[in-house]
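Student: I have a structure here, written as structure tokens, and I will follow up with some questions on it.
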Amino acid sequence: MVLESFTPGTMDELGLGYEAAKALNPDVMYVSTCLMGQTGPAAPMAGYGNHAAAISGFYEVTGWDDRPPSGPFTAYTDTIAPRFLATAVMAAVDRWKRTGEGCRIEQAQMEAALHFLAKELVEYQVNGRVPRRAGNADPAMAPHGALPVAGTDEWIAIAVEDDAAWARLAALIGEAWAQEDRWRTLAGRLAGREELERLLAGWTAPQDGMALVERLQQAGIAAGFVKRSSDLLADPQLAHRRFFHPLQHPEMGEVPYEGHQFIISGYQSGPRRPAPCLGEHSMEVLLEVLGLDEEEVARLAAGLG
């Protein structure tokens with residue numbers, strides 16, 4: 001199995017392309033993944049998932065319409081493409097076990113990501129409308145967005161999924177404006193979305209965010225506290241799941257290393273040692289991994305190798 005993610009043509013230039021690998025091993029499974037695919041006018045384009053996300057159209061629909069595109073969080077297509085690639089690789093391995101035949105798999109990150117824009121593509125194809133950035137607004141839910149709470153730059157997110165959820169929220173608010181008939185239906189809430197969210201923000205702003213989120217969730221209303229990294233380190237759910245692994249680093253002291261995103265029965269997942277310092281494992285690599293003797297290592301260290 002060979003997996004590579006260079007710009008198309010790079011592996012051939014290194015003498016490690018598919019044909020070279022196949023000559024050495026006729027049943028090789030050779031996997032190539034890049035931004036735009038191995039062929040076509042855009043194939044030579046090099047870059048990262050951020051660029052592929054922009055080219056694919058995600059930046060145009062992420063953010064606010066009166067501001068420049070902000071794009072989805074992270075190099076978005078980098079998080080999508082490996083899921084499809086892993087499935088294709090497993091299928092190739094299954095075929096190899098049954099037939100003994102290898103194959104060539106090539107993936108374009110742009111193509112792997114476009115299904116997440118299916119709704120926007122259909123909207124244009126059927127209705128001729130090009131979807132634009134809409135902030136936190138949702139066409140089927142209102143209110144839907146982030147609202148201020150007590151403190152400096154503290155926020156909670158609320159999503160009212162249907163009329164029944166609004167009725168529960170209105171009862172929790174307990175103020176006259178929340179009981180008005182115009183807010184009882186989705187159509188009314190969408191029509192007055194901006195005014196409704198201003199009123200709701202006035203209700204949330206003086207309240208403790210974590211306490212309010214708990215009250216909302218108990219009432220069956222989708223809500224969450226907008227957390228910072230410092231909040232995540234103290235998050236009780238992550239602590240219960242032992243997501244962070246505190247390890248002692250010789251230079252930085254105790255460091256919370258991130259664990260795996262899954263739990264396997266009978267297996268202690270996550271890092272077992274802190275990040276190495278510069279040159280910490282040089283002797284181990286030279287003597288144990290490469291199998292050099294101490295005299296050879298001494299000659300290398302003296303610049304005589």
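Student: Can you list residues from other chains, or at least 5 along the same chain, whose modelled amide H is less than 5 Å from the amide H of W155?
Tutor: For W155, whose amide H was placed from the backbone, the distant partners under 5 Å are V149, V226.
Student: How big is the C-alpha Rg of the range 100-239 next to the rule-of-thumb value 2.2 N^0.38 Å, as a ratio?
Tutor: Values: Rg = 19.9 Å, N = 140, 2.2 N^0.38 = 14.4 Å.
Cα-based Rg divided by the globular estimate yields 1.39.
Student: Here is a follow-up. Using a Debye calculation, one point per C-alpha and no hydration shell, please list log10 I(q)/I(0) for the range 1-113 at q = 0.09, 0.15, 0.18, 0.23 Å⁻¹ in order.
Tutor: Rounded to two decimals, the profile gives -0.29, -0.70, -0.90, -1.22.
Student: Mean 1/r over all different Cα pairs, inverted: what Kirkwood radius does the range 228-285 give, in Å?
Tutor: 13.1 Å is the Kirkwood radius here.
Student: With θ set to phi - 60° and the Karplus curve 6.51 cos²θ - 1.76 cosθ + 1.60, what are the ³J(HN,Hα) couplings of the range 11-17 in order, to the nearest whole Hz, using x for Gly and Pro?
Tutor: Karplus values, whole Hz, x for Gly and Pro: 5, 5, 4, 7, x, 10, x.
Student: Let me ask another. Once you place label points 7 Å from the Cα toward the Cβ at R272 and E180, how far apart are they in nm?
Tutor: The modelled label-to-label distance comes out at 6.3 nm.
Student: Here's something else I'd like to know. Quick one: net charge around I55, please, counting Lys, Arg +1 and Asp, Glu -1 for every other residue with C-beta under 15 Å from its C-beta. Write out the running numbers ahead of the final one.
Tutor: Values: positive: none; negative: E60, D78, E111, E120.
Spelling it out: positives minus negatives among the neighbours equals -4.
Student: With unit charges on the beta carbon (Lys/Arg positive, Asp/Glu negative), name the residue among L24, F58, L35 whose Cα is farthest towards the positive pole of the charge dipole of the range 8-127.
Tutor: Positive-end residue among those listed: L24.
Student: I've got another one for you. Principal axis lengths of the range 41-85 from Cα atoms, whole Å, largest first?
Tutor: Cα extents, longest axis first: 35, 26, 12 Å.
Student: How many nm separate the modelled label positions at I264 and V122, each set 7 Å beyond the Cα in the direction of the Cβ?
Tutor: 3.8
Student: What span do the alpha-carbon atoms of the range 184-260 cover on each of the three principal axes, reported in whole Å from largest to smallest?
Tutor: 60, 22, 20
Student: Also, quick follow-up: In debye, nearest 20, what is the charge dipole magnitude of the chain about its Cα centre with +1 on Lys and Arg Cβ and -1 on Asp and Glu Cβ, if you could check?
Tutor: Working: 25 positive and 41 negative charges, 192 e Å.
It works out to roughly 920 debye.
Student: List the lysines whose alpha-carbon lies under 28 Å from that of K97, not counting same-chain residues fewer than 8 positions away?
Tutor: Cα-Cα hits under 28 Å: K22.
Student: Let me ask you something else. At L14 and V93, where each label point lies 7 Å from the Cα along Cα→Cβ, what is the point-to-point distance in nanometres?
Tutor: The modelled label-to-label distance comes out at 2.2 nm.
Student: Separate question: Can you list the HN-Hα couplings for the range 277-292, worked out from phi with the Karplus curve (6.51, -1.76, 1.60; θ = phi - 60°), rounded to whole Hz and with x for Gly and Pro?
Tutor: 7, 4, x, 4, 10, 4, 5, 4, 5, 5, 7, 9, 7, 7, x, 6
Student: What value in Å³ per residue do you get for the convex hull of the alpha-carbon atoms in the range 197-305?
Tutor: Working: hull volume 22.1 nm³, N = 109.
Taking only Cα atoms, the range 197-305 has a hull volume of 203 Å³ per residue.
Student: Viscosity 1.306 mPa s, temperature 10 °C: Stokes-Einstein D of the chain from its Kirkwood Cα radius, in µm² per second?
Tutor: Numbers: Rh = 24.9 Å.
Stokes-Einstein gives a translational diffusion coefficient of 64 µm²/s.
Student: Long-range amide H contacts for H249: which residues qualify at under 5 Å (H placed 1.01 Å from N, peptide plane, sequence gap of 5 or more or a different chain)?
Tutor: Close amide H contacts, sequence-distant or interchain: E254, V255.
Student: Can you tell me which lysines have their Cα less than 17 Å from the Cα of K119? Leave out same-chain residues fewer than eight positions away.
Tutor: Within reach: none.
Student: HN-Hα J couplings of the range 63-70 from phi, Karplus 6.51/-1.76/1.60, θ = phi - 60°, integer Hz, Gly and Pro as x?
Tutor: These are the phi-based 3J(HN,Hα) values: x, 10, 5, 8, 10, x, x, 9 Hz.
Student: Something else: Can you give the charge dipole size of the range 72-180 about its Cα centre, rounded to the nearest 20 debye, using +1 on the beta carbon of Lys and Arg and -1 on the beta carbon of Asp and Glu? Don't jump to the answer; show the numbers that get you there.
Tutor: Details: 10 positive and 15 negative charges, 140 e Å.
The calculated dipole for the range 72-180 is roughly 680 debye.
Student: Counting only protein heavy atoms, what percent of the accessible surface of the chain is carbon or sulfur at a 1.4 Å probe? Let's see the in-between values first.
Tutor: Numbers: 10990 of 19300 Å².
Exposed carbon and sulfur together represent 57 percent of the surface.
Student: Could you list which residues have their amide H under 5 Å from that of A222, counting only those 5 or more apart in sequence or on another chain, with H placed in the peptide plane?
Tutor: Those lying under 5 Å, H to H, from A222 are A159, E161.
Student: Hey, how many Å between the Cα centroid of the range 176-194 and the Cα centroid of the range 58-105?
Tutor: About 40 Å separates the Cα centre of the range 176-194 from the one of the range 58-105.
Student: State the answer as a single residue: which of G145, Q125, H115 lies farthest towards the positive end of the charge dipole of the range 100-150, with beta carbon charges of +1 for Lys and Arg and -1 for Asp and Glu, about the Cα centre.
Tutor: Comparing the listed Cα positions along the dipole, G145 ranks first.
Student: Let me ask something else about it. Grab the DSSP H runs of the chain that are 4 residues or longer, score each as -39,500 (n - 2.57), total them, divide by all residues and round the 222 nm result to the nearest 500 deg cm²/dmol. Could the numbers behind the result be given before it?
Tutor: Details: 13 runs with 115 residues, N = 305.
Calculated mean residue ellipticity at 222 nm is -10500 deg cm²/dmol.
Student: If you don't mind, another one. Quick one: give the max-minus-min coordinate of the C-alpha atoms of the range 57-136 along each principal axis, largest first, in Å.
Tutor: 56, 30, 17
Student: Springs between alpha-carbon atoms under 10 Å, Gaussian network over the chain: tell me which of F262, F116, F73 tops the mean-square fluctuations.
Tutor: Per the Cα network of the chain with a 10 Å cutoff, F262 tops the list.
Student: Relative to the present Cα-Cα distance, how much length would full extension add between A222 and E251 at 0.36 nm per residue of separation?
Tutor: Values: separation 29, 0.36 × 29 = 10.44 nm, distance 4.29 nm.
Extra length from A222 to E251 when fully extended: 6.2 nm.
The values are calculated or read from the model by the stated rules, or taken from the named source; none is laboratory data. Keep in mind the model is a prediction, meaning the values are calculated, not measured. Note that each Cβ is placed from the backbone with ideal geometry, even for glycine, and that neighbours are counted across all protein chains shown. Quick note on the areas: whole protein, heavy atoms, side chains included, nothing else; ligands and nucleic acids left out. Shrake-Rupley method; radii C 1.70, N 1.55, O 1.52, S 1.80 Å.
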